[in-house]
Amino acid sequence: VHRANIALLTDFGARDPYAAAMKGVIASRTDAAIHDLTHEIPPYDVVAAAWFLRQCEAWWPPATIFVCVVDPGVGTARRIVAVERNTHLFLAPDNGLLTFMDEGAARRFEITNAKHFLDSSSTTFHGRDRFAPVAAALARGVALDELGRPIDSTRKFDYTPPHRSGEVTVGQIVAVDRFGNAITDLEATSLPLPTLLGRVGDVAIDRVETTYGGAQPGPFFIVGSSGLLEISIANGSAAQKLGLTRGLSVEVWGA
Amino acid sequence: VHRANIALLTDFGARDPYAAAMKGVIASRTDAAIHDLTHEIPPYDVVAAAWFLRQCEAWWPPATIFVCVVDPGVGTARRIVAVERNTHLFLAPDNGLLTFMDEGAARRFEITNAKHFLDSSSTTFHGRDRFAPVAAALARGVALDELGRPIDSTRKFDYTPPHRSGEVTVGQIVAVDRFGNAITDLEATSLPLPTLLGRVGDVAIDRVETTYGGAQPGPFFIVGSSGLLEISIANGSAAQKLGLTRGLSVEVWGA
Amino acid sequence: VHRANIALLTDFGARDPYAAAMKGVIASRTDAAIHDLTHEIPPYDVVAAAWFLRQCEAWWPPATIFVCVVDPGVGTARRIVAVERNTHLFLAPDNGLLTFMDEGAARRFEITNAKHFLDSSSTTFHGRDRFAPVAAALARGVALDELGRPIDSTRKFDYTPPHRSGEVTVGQIVAVDRFGNAITDLEATSLPLPTLLGRVGDVAIDRVETTYGGAQPGPFFIVGSSGLLEISIANGSAAQKLGLTRGLSVEVWGA
């Protein structure tokens, strides 16, 4: 397998030298292209990282290596894992970050072979000392089973998928984007579109739009680009105007 | 034409998975280098995007493909257009973003050939589903006239260029940078430098400096790096200290 | 020497077109890979840039060209310098940014050969007009001594390294990261770990941890990923909770 692309997802931000050090280690060890997915996951927010990954990973080339470092437990007993799925490889701490990538995975490994780690005494920066050199090794063609041992499962974060309660389907807001759209975990394909009704907190929503622009005033549902139902509002931030935040329940039903 | 560079300009920010998805689509379809110009255009701010592009595009290699997605009307009837100018290719929604690139364009096209779009039902993310694969097609050598049909003009945003009123030239502030410099639309080459006088709101400006550092206290004019007149102040943010924002009128005249 | 990597460190931010213009100039003149270290150094903060560089440069490939533009004196008499150290090349204004890179440098040059500058009348953007084309020239194999003249030293910023006062070693906080860790200039190898005691302002610190996670409540010392002593707190921002900012004195002693 030729692995020509390495994609980085971290909570390191742009002001600190951490992403820069990781990229240096990778560039030192492979010619694979290094891509920034984001370094702006909120600090320690494993759940945000999991949803971010779920929304963009499918669009990446076959064999892409995703290096995902949101790692509040760095240096503790938490494992480093690799999950292979649809030819994609995901490296992450075993803390729930790969919750959605684990489903349907072809193989799972714990990364244990210190031969591919940097020889550093640091216990605080596995992104640089373990994730980066292991990603580079994979890009150079080192096999997964040389890097560690197969495992049966990886850790999931505590998450209740949407469920039915009579005629009502209940989901939740899983992300709010910079435009103020509130993204839910309700898969559009399972919903009675286009005549959907619903509620989030005290706010009733009684229509579904197909574009953000051109909509009448007031909140509406829209099928977002990942196939998930979103709550939006014309010419403004639905999150701000309606007080929507991650975790809020969203109820929908057919008209 | 070998098109080896793709440069991205969006309002997607770094926290959301949108730029990451776009880059994945492009990397899946071409080996051209992917460059981030910015993803931090303020949400929906087509005018800011137009000025950003005007200030940096000239410095890019011949044949660069600029993918510009600030697209409040995504999914509505607004067109997707391609403008060719000085060997550069600009892809954008037809909403004024290419106002300054249209002038002197060699060719203009509306992009209509769905064969090069992703097969997605999404109406909300043309950056990923249309702009990205079309950019990759262009990088692979697909000709513009295979992608759509020639058009005569593209949309401009509502903009009044500087004008003379007796001895006074009247322009406006078009951008404020992170250092607090207020950039105007007054071309330095058309002004009676270095003895320029001027006014913005209640603030009189009576000198022109050639460097930001080393200047005496108080506001001054300086010719910025794009040849546009700027209003600055030593050791601080002119925008903050003088209350300068985009759209404010600036009047200048010879001493 | 084949110089395949160019790494950028600036205070230009992501909203303005300055980093984008620099990258265009470089991409126009060399095929070397262009990497963003950061563009989020606080405006004009030469000291932050120097510490950023010190923490990440060692991890980059041999022969990397670092283009460092935090340049409040742009256009004034300040020199542009190049420092070679461990095969790495550092280009920067001579304002202290290379304080830590100068130590042990193999060669130092003042960059004076205008033949490699852009032919621009701008006095305000040497990042684009001088640093970028000079970096590209170096990547293409132009020798340092064709670009300028050897010099004996470069400017350091005003900095007092840690010193002993009786049994106490006195250092200072040199950076606060986005996780709220306060990074000091105390090299861990010179300290009586793991039984270190210390004080910053009114706050006493009486233990050393090896991981951020799993620590008991209260502040602690930890050896950070660059070998520098840090002050941290479990599940929160030490900087915020303890009021730690750059420049504060930190005293440590053996138990």
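Can we say A:Arg3 is at pLDDT below 95 and within 14 Å of chain C (Cβ to nearest Cβ)? No: the conditions fail for A:Arg3. Looking across the range A:75-93, the residues that are surrounded by fewer than 22 Cβ atoms within 10 Å (Cβ to Cβ) and within 14 Å of chain C (Cβ to nearest Cβ) come down to A:Gly75, A:Thr76, A:Ala77, A:Arg78, A:Arg79. So, in the range A:189-200, of the ones that are modelled with pLDDT of 95 or more and open to solvent by 30 Å² or more (accessible area, probe 1.4 Å), which residue ends up farthest from A:Pro162 (Cα to Cα)? Only one residue fits best here, namely A:Leu197. Within the range C:156-166, identify whether any single residue is within 14 Å of chain A (Cβ to nearest Cβ), open to solvent by 50 Å² or more (accessible area, probe 1.4 Å) and touching a helix residue (DSSP H, G or I) at 6+ places or on another chain (Cβ under 7 Å), and answer yes or no. No. Residues in the range B:199-225 that are more than 11 Å from chain C (Cβ to nearest Cβ) and on the phi > 0 side of the Ramachandran plot: B:Gly201, B:Gly218. The set of residues in the range A:103-119 being more than 16 Å from A:Gly75 (Cβ to Cβ), out of contact with any strand residue (DSSP E or B) (no Cβ under 7 Å at 6 or more places or on another chain) and crowded, with 18+ Cβ neighbours inside 10 Å consists of A:His116 alone. If I ask for residues that are in contact (Cβ under 8 Å) with a residue 60 or more places away in the chain, of a type in the set (Val, Ile, Thr) and more than 9 Å from chain B (Cβ to nearest Cβ), which ones from the range C:20-41 would you list? Scanning the range C:20-41 gives C:Ile26, C:Thr30.
I'd like to check something: does the range A:129-145 contain any residue that is open to solvent by 60 Å² or more (accessible area, probe 1.4 Å) and out of contact with any Phe, Trp or Tyr (no Cβ under 8 Å at 6 or more places or on another chain)? The answer is yes; a qualifying residue exists.
Considering A:Thr87, A:Thr154, which residue is in contact (Cβ under 8 Å) with a residue 40 or more places away in the chain, of a type in the set (Val, Ile, Thr) and out of contact with any strand residue (DSSP E or B) (no Cβ under 7 Å at 6 or more places or on another chain)? The conditions single out A:Thr87.
Across the range C:42-56, which residue is surrounded by the fewest Cβ atoms within 10 Å (Cβ to Cβ) among those that are touching a residue at least 40 places away in the same chain (Cβ under 8 Å), within 11 Å of another protein chain (Cβ to nearest Cβ) and under 19 Å from C:Phe12 (Cβ atoms)?
Checked the range C:42-56; the qualifying residue surrounded by the fewest Cβ atoms within 10 Å (Cβ to Cβ) is C:Ala48.
For B:Ala175, the requirement of being open to solvent by less than 30 Å² (accessible area, probe 1.4 Å), part of a helix (DSSP H, G or I) and either more than 14 Å from chain A (Cβ to nearest Cβ) or in contact (Cβ under 8 Å) with a residue 24 or more places away in the chain (or both) is not met. Scanning the range B:103-139 for residues that are among the charged types (D, E, K, R) and either touching a Leu at 6+ places or on another chain (Cβ under 8 Å) or within 14 Å of chain A (Cβ to nearest Cβ) (or both) turns up B:Arg107, B:Asp119, B:Arg128, B:Asp129, B:Arg130.
Looking at C:Arg29, is it under 19 Å from C:Ala136 (Cα atoms), of a type outside the set (Asp, Glu) and out of contact with any strand residue (DSSP E or B) (no Cβ under 7 Å at 6 or more places or on another chain)? Here the answer is yes, as C:Arg29 does meet what is asked. Taking the range A:212-234 on its own, how many of its residues are of a type outside the set (Phe, Trp, Tyr) and under 17 Å from B:Phe12 (Cα atoms)? Residues flagged as of a type outside the set (Phe, Trp, Tyr) and under 17 Å from B:Phe12 (Cα atoms) within the range A:212-234 amount to 6. Scanning the range B:207-235 for residues that are aliphatic (A, V, I, L, M) and open to solvent by 40 Å² or more (accessible area, probe 1.4 Å) returns a single hit, B:Val223.
Of all the numbered requirements in (1) without any contact (Cβ under 8 Å) to a residue 60 or more places away in the chain; (2) in contact with a strand residue (DSSP E or B) (Cβ under 8 Å, 6 or more places away or on another chain), C:Glu146 misses one, and that requirement is (2).
For B:Phe100, state whether it is among the aromatic types (Phe, Trp, Tyr), open to solvent by less than 10 Å² (accessible area, probe 1.4 Å) and more than 12 Å from chain A (Cβ to nearest Cβ).
When the stated conditions are applied, B:Phe100 does not pass them.
Of the strands (runs of 3 or more DSSP E) that lie entirely inside the range B:93-172, those containing 3 or more residues that are under 24 Å from the mean Cα position of the chain (by Cα) span B:107-111. Restricting B:Pro62, B:Pro72, B:Pro17 to those that are facing another protein chain (nearest Cβ under 7 Å) and either among the hydroxyl-bearing types (Ser, Thr, Tyr) or surrounded by fewer than 21 Cβ atoms within 10 Å (Cβ to Cβ) (or both) reduces the list to B:Pro72. If you go through the range C:28-64 and keep only what is more than 13 Å from A:Gly24 (Cβ to Cβ) and assigned to a strand (DSSP E or B), you end up with just C:Ile34. Residues satisfying the criterion are present in the range A:236-249 (criterion: of a type in the set (Gly, Ala, Ser), open to solvent by 30 Å² or more (accessible area, probe 1.4 Å) and in a strand (DSSP E or B)). If the condition is being modelled with pLDDT under 95 and farther than 19 Å from A:Phe109 by Cα, then the range A:46-84 contributes only A:Pro72. Of the set (1) over 14 Å from the mean Cα position of the chain (by Cα); (2) open to solvent by less than 10 Å² (accessible area, probe 1.4 Å), all apply to A:Thr10 but (1).
The values are calculated or read from the model by the stated rules, or taken from the named source; none is laboratory data. Not measured: the values here are computed from a predicted model. Backbone-built Cβ (ideal geometry, glycine too); neighbour counts: all protein chains shown. Surface accessibility is based on the protein's heavy atoms, side chains included, excluding ligands, DNA and RNA. Shrake-Rupley method; radii C 1.70, N 1.55, O 1.52, S 1.80 Å.
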